[in-house]
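Worksheet for the structure shown next.
The values are calculated or read from the model by the stated rules, or taken from the named source; none is laboratory data. None of these values were measured; they are calculated from a predicted model. Methodologically, a virtual Cβ is constructed for each residue, glycine included, from the backbone with ideal geometry; neighbour enumeration extends over all protein chains shown. All accessible areas refer to the heavy atoms of the entire protein, side chains included, with ligands and DNA or RNA removed. Shrake-Rupley method; radii C 1.70, N 1.55, O 1.52, S 1.80 Å.
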Amino acid sequence: MGTLYENNDGSKSYLIKRKQIHTISRYSNLSEYAIDKALKENVYNNKQNWQKFLRLFFFSLGIGFSVSGIVLFFAYNWAGLNKFAKIGLIEGLIISTIIATQFSKVNIKIKDIILTGASILVGVLFAVYGQIYQTGANAYDFFLGWTVFITIWVLISNFAPLWLLYLILINTTLVLYSQQIANNWSEVFISTLLLLVNSIALIFTIYFGKERVPNWYIYTITLFSAAAANIGIIIGIYDNEQTYLLILIAIASCFFVLGVWHGLKVKSIFYLSVISFSVIIIFSTLIFKISNGALFLLLISLFIISSITFTIKLLYILQKTWLNGK
Amino acid sequence: MENKDNINELMDYFRSIENEPVEFDEEAIYSAYPRVDGNQPLSIKILAAIGGILASFAFLGFILIAGLYESQFVSVLFGVMFISGSILVNKKYNKITTDAIGVSCYIIGLLLLVSGLSTDIELNGVCLLYILISLGVMITVQNYMLSFVALITIVASIITLILTNKSYGMANIYVIMSALFMTYIFLHETLFITTYKRLSQLYNPLKIASVLSFLAGLVLFSNNKFISLATRYNWLHSIVIILFIIYVLSNVLSILNINLTKHKILIFAFAIITLLPTLFFPPISGAILIILISFMINYITGFVLGITSLICFICQFYYDLNLTLLTKSILLFLTGVLFIVSYLFTYLNINRNEE
C-alpha cells in the first residue's frame, strides 16, 4: 500500500496512491463524494504544501531575477572593463567562494555546491584569460589546464556532481587532444582509451566509494563506458582495423564480464540490461556487415527481436528470484 | 499475500468514508492490481519498449524493401491492417512489449495510409481522417500508450488544419478552448474517473495530452516569434488565461484558509498587476496556470512541464524586449527585489497567522 505516516493528532494512516484510487473506483460503486474525499486526503496538496510551495516559488523567482539582473549588468559593462578588473573579478569570486566553504558554518551539501561553483569559475577564468590574451592555444590546452587545476578540490570533495564534471573534463581533453594534436590516432584507439579511463573510474568508485556514492552517478559512468566500447567496436567492424580492434574487443570483454559478475553480486538489473543490449547491438552490426540483401535485413530483425525477448525473459526471471529470495 | 492485505485495507478505508453501503468487484480489483504496483524496474521497461519498436520497424523495413508500397491499394490495405493489428494486439495482451508493438504498428499504419491516399485526397482530408481514426482507436482500446498517441495525433491534426488553412480565428479559439479543456480536466478528476469506466482509463492520457496541446497552442499561436500564425489578439488569450488563474487562485485561497474578502481582493489585485506587463505575451501566464493546476492536484509531470516552460518563456520574453541591456538588467533586478519582498510578506503573514 502507500506509506504509513503519522497524522497531527498522533493517529496513523496510510497514504494511498492515485493509481489505487483510480483502480478501485473503476470496479466499485463508490460515489463522487467518497472519491473526492479520498483524493483530497491522500493525493492533492494540502495547506502546508501550498505554503511551502509559495514560499519557495517567490524566493526562487526573486533570487533568479536578481542574480540575472546582476549578471546582465556585468555583461553590459564587460567590454568596457580593463583586463585587470576582469581577471581580478573572477579570481576574487573564486577566492571568496573557497573561503566561504572553509570558514562558514552552513550545511555540507551547500558547501559542496559552492565548491562545484568555484570549479566552474576556474574554467571561466581560463576562458577569459584566453579571450583577453588571444594566445591561440588549442582548445585541449584549456580543458587540460582546467582539469589539472581542480584535481585537488575534486579529490577532497566526495561530491558526485563534481566528480562527474571532472570525468567529463578528462574525456573532453582526451577527445580534443586526439583531434588537434595526435591526428594519427584511429577512432578505435580513442574509444579504447575512453573505455579504459571510464572503466577505471567506475571500478575506483565502486570499490573505494563506500556506501555514499549515488546510483545515478554509477549508472552514468557505466553508460559512458559501455557507449565508448560499443561505438569503438562498431567503427572497428566497419574500418577493417585489425590490431587495435582486437585489443578493444579484449578489454571490452573483460569489462562486460566484470559488469555481469558485479551485477549478479549486487543484484542489480541495470548492468545486465546494459551489457546484454550492447552485445545484441554488436552482433547485429556484425550480421549487417556480412549481409547483402533484403532477406538479411529480415534476418537481423528476427535476431534482434528474439534476442531481446529472450533477454527480457531471463532478466525477469532473475528479478523474481531475487525478490523472492529476500 | 501482500496484495490481498493491501486491497482489503483499501476497501476498509473506502467503507469508512462512504455514507452508504459499498460494493466492490473484488475479483476484478485483484486481477487489475499487479499492473498498478508496477514492480518492473526501469531498465527492463526500456529494453522491452525498444524491442517492441524495433520489431515493428523490422517488419516495415521488410515491406518497404519488398516494394509493396508502390501500389496505392496495397499501401492503404497494409495501413488498415497495421492499425487494426495494433488495436487487436492491445486488446489481447497487456504487457509492455506488446504496448510498444501496438503503438509502432499504429504509427506505421497511419503513415502507410497517407502514402496510399495522398494523390486522392488533400491534406485537410487526411487530417480529418486521422482525427476520426484516432477517436475510434480511443473508444475501442483503453491502453495508456496507445490512447496517448491517438490523442497526440488528434491534436497534431487539428493544429495542422489550422496552420495550413491559415485560419486566425480558429487559432484564437484553439488557445482559449485548450486552456478551458485543460483546466476543466485537471479540476474535475473525480467527475472523470467516476462517470464511465472507459473514460476513467482515458483520464491519464487526457491529462498529459491537454497540457501538451495547450503548450503547443501557446508556442504556435500566441507567440510572435515562432511559426506563422500569431494573431493580433494575443491580449485576448492573456485575459482569458488570467481569468482562469483568478478562478484557480480562489480555490487555492480557500485551501489556505484565507477567507476575508479584503485579503482575497488584495491577492487577486497583486496577481493581476504582476501579470499585466505580460499582456501581449500570453505564454507566461499560460505557464503559471499550468503550474498552479498541476500543483493543486499533485501532478508532478505537469508541474515540471510548467516550471520548465515558465523559465523558457521568461527568457524569451526578456530577450525580445526592445530595451538596452542596461535597462533590462535594472528591470530584472527590480523584479527580483519585488519577488523577494512578496516572499518576505507571505512568510511574515504565515507566521503571524500561526501565532
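Run through every distinct alpha carbon pair of segment B:240-355 and return the Kirkwood hydrodynamic radius in angstroms, one decimal place.
Values: mean 1/r = 0.0636 Å⁻¹.
Taking the inverse mean of 1/r over all distinct Cα pairs, segment B:240-355 comes out at 15.7 Å.
Per residue of segment A:145-159, what does 6.51 cos²θ - 1.76 cosθ + 1.60 with θ = phi - 60° give for ³J(HN,Hα)? Whole Hz please, x for Gly and Pro, Karplus curve as stated.
Couplings: x, 4, 4, 4, 6, 9, 4, 4, 4, 5, 5, 8, 8, 6, 10 Hz.
Per-residue HN-Hα couplings for segment B:102-109, Karplus 6.51 cos²θ - 1.76 cosθ + 1.60 at θ = phi - 60°, whole Hz, x for Gly and Pro?
x, 5, 5, 4, 4, 5, 5, x
In segment B:188-214, what residues drop by 50 Å² or more of accessible area when the other protein chains are put back, versus the chain on its own? Use 1.4 Å, and skip ligands and nucleic acids.
B:E189, B:T190, B:I193, B:T194, B:K197
Viscosity 1.002 mPa s, temperature 20 °C: Stokes-Einstein D of segment A:177-228 from its Kirkwood Cα radius, in µm² per second?
Using the Kirkwood radius from Cα pairs, D works out to 177 µm²/s.
How much of the accessible area of chain A, probe 1.4 Å, is carbon plus sulfur, in whole percent? List each step's numbers first, then the result.
Numbers: 12660 of 18490 Å².
About 68 percent, which is the carbon plus sulfur part of the accessible surface.
Send over the semi-axes of chain A's equivalent ellipsoid, whole angstrom and largest first, taken as the square roots of 5 times the C-alpha gyration tensor eigenvalues. Mind showing how you got there, number by number?
Values: eigenvalues 336, 316, 75 Å².
Equivalent-ellipsoid dimensions as semi-axes: 41, 40, 19 Å.
Relative contact order of chain A, please, whole-number percent, based on alpha carbon pairs below 8 angstrom and at least 6 residues apart.
Result for chain A is 8 percent.
Could you work out the mean count of beta carbons from other protein chains within 10 Å of each residue's beta carbon in B:341-349? Write out the running numbers ahead of the final one.
Working: counts 2, 6, 10, 4, 1, 6, 5, 0, 1.
Shielding by partners across B:341-349 averages 4.
Got a number for the accessible area of A:K17? Probe 1.4 Å, square angstrom, nearest 10.
Spelled out: A:K17, probe radius 1.4 Å, area about 100 Å².
Would you work out if the protein assembly as shown is rounded, prolate or oblate? Take a ≥ b ≥ c from the square roots of the eigenvalues of the alpha-carbon gyration tensor; rounded if a/c is under 1.5, else prolate when a/b is larger than b/c, oblate otherwise.
Details: a/c = 1.36, a/b = 1.03, b/c = 1.32.
The shape class here is rounded.
Can you give the Kirkwood hydrodynamic radius for segment A:63-159, in Å, rounded to one decimal and based on Cα pairs? Please list the in-between numbers first.
On the way: mean 1/r = 0.0671 Å⁻¹.
Hydrodynamic radius (Kirkwood, Cα only) of segment A:63-159 equals 14.9 Å.
Can you give me the % of accessible surface on segment B:275-355 that is carbon or sulfur? Probe 1.4 Å, all protein chains present, nothing else counted. Mind dumping the intermediate values first?
Numbers: 3160 of 4250 Å².
About 74 percent, which is the carbon plus sulfur part of the accessible surface.
Using just the Cα positions, wrap segment A:239-326 in a convex hull and report its mean projected area in square nanometres, one decimal place.
Hull-based average projected area comes out at 6.5 nm².
Hey, can you find the accessible area per residue of segment A:109-258 for me, probe 1.4 Å, expressed in square angstrom?
54 Å²
Would you mind working out the accessible area per residue for chain B, using a 1.4 Å probe, and quoting it in Å²?
51 Å²
Calculate the mean, over all residues of peptide B:17-24, of how many other protein chain Cβ atoms lie within 10 angstrom of the residue's Cβ.
Details: counts 9, 9, 3, 5, 1, 6, 4, 5.
Neighbouring Cβ atoms belonging to other protein chains average 5 per residue here.
Output the peptides B:257-268, A:161-172, B:279-290 sorted from most to least packed, where packing is the average of other Cβ atoms within 10 Å over each peptide's residues.
On the way: B:257-268: 11.6, A:161-172: 18.5, B:279-290: 23.8.
The packing order, highest mean first, is B:279-290, A:161-172, B:257-268.
Residue by residue through segment A:32-40, which ³J(HN,Hα) values in whole Hz follow from phi under the Karplus form 6.51 cos²θ - 1.76 cosθ + 1.60 (θ = phi - 60°), with glycine and proline marked x?
4, 4, 5, 5, 4, 5, 4, 5, 5
With a 1.4 Å probe on protein heavy atoms only, work out how much accessible surface A and B bury together, total over both chains, in Å² to the nearest 100.
Working: alone 21980 and 21570 Å², together 36540 Å².
Buried area (both sides, nearest 100 Å²): 7000 Å².
List, by residue number, every residue in segment A:287-316 with a reduction of 40 Å² or greater in accessible area between the chain on its own and the complete protein assembly, 1.4 Å probe.
With the partner chains in place, segment A:287-316 has these residues losing at least 40 Å²: A:A294, A:L297, A:L298, A:I305, A:I308, A:I312, A:Y316.
Helix-derived [θ] at 222 nm for chain B: sum -39500 (n - 2.57) over DSSP H runs of at least 4, divide by residue count, nearest 500?
Calculated from helices alone, the mean residue ellipticity at 222 nm is -28000 deg cm²/dmol.
Over 18 Å between C-alpha atoms is what I'm after, so list which of B:K92/B:K207; A:K19/B:K197; A:K265/A:K320; A:K47/B:K264; A:K17/A:K40 land there.
In this structure, B:K92/B:K207 exceed 18 Å between Cα atoms.
Give me the residues in segment B:281-310 whose solvent-accessible area, probe 1.4 Å, is reduced by at least 50 Å² once all protein chains are included instead of the chain isolated.
B:F295, B:N298
Once neighbouring chains are kept in place and the probe is 1.4 Å, which whole percent of the accessible area of segment B:140-237 is contributed by carbon and sulfur?
Values: 2850 of 4060 Å².
Answer for segment B:140-237 is 70 percent, counting heavy atoms of protein chains only.
If the reach is capped at under 21 angstrom between alpha carbons, list the lysines near A:K109, excluding any in the same chain fewer than eight residues apart.
A:K52, A:K210
Counting only helical runs of four or more DSSP H residues, what would the 222 nm mean residue ellipticity of chain A come to if each run contributes -39,500 (n - 2.57) and the total is spread over all its residues?
-28500 deg cm²/dmol
For segment A:118-270, build the convex hull from the C-alpha positions and give me its volume per residue in Å³.
Hull volume over Cα atoms, normalised by residue count, gives 112 Å³.
Kindly provide the pair-distance distribution of chain B built from C-alpha pairs, with 20 Å bins from 0 and whole-percent values in order of increasing distance.
Each 20 Å bin holds this share of Cα pairs: 22, 49, 27, 2.
With an 8 Å cut-off on Cα pairs and a minimum separation of 6 or more residues, tell me the relative contact order of segment A:32-127 in percent. It would help to have the intermediate numbers written out before the result.
On the way: 23 pairs, mean separation 21.1, N = 96.
Computed over segment A:32-127, the figure is 22 percent.
What per residue convex hull volume, in Å³, comes out for segment A:56-104 when only alpha-carbon positions are used?
In segment A:56-104, the Cα convex hull volume per residue is 68 Å³.
Hey, what's segment A:45-103 come to in accessible area per residue, 1.4 Å probe, Å²?
Here the residues of segment A:45-103 average 60 Å² of exposed surface.
Please give the net charge around B:G102, taking every other residue with its beta carbon less than 12 angstrom from that of B:G102, where Lys and Arg add +1 and Asp and Glu add -1.
+2
Report Rg(Cα)/(2.2 N^0.38 Å) for segment B:62-205, keeping two decimals. Write down the numbers at each step before the final one.
Values: Rg = 17.0 Å, N = 144, 2.2 N^0.38 = 14.5 Å.
Here the Cα radius of gyration is 1.17 times the empirical estimate.
Averaged over its residues, how many other protein chain Cβ atoms are within 10 Å of peptide A:265-272's Cβ atoms?
That works out to 2 on average.
When 1/r is averaged over all different Cα pairs and the result inverted, which Kirkwood radius in Å belongs to segment B:46-129?
13.2 Å
Across bins of 10 angstrom width beginning at 0, how are the C-alpha pair distances of segment A:225-284 distributed, in whole percent?
Bins of 10 Å from zero give 23, 52, 21, 4 percent of pairs.
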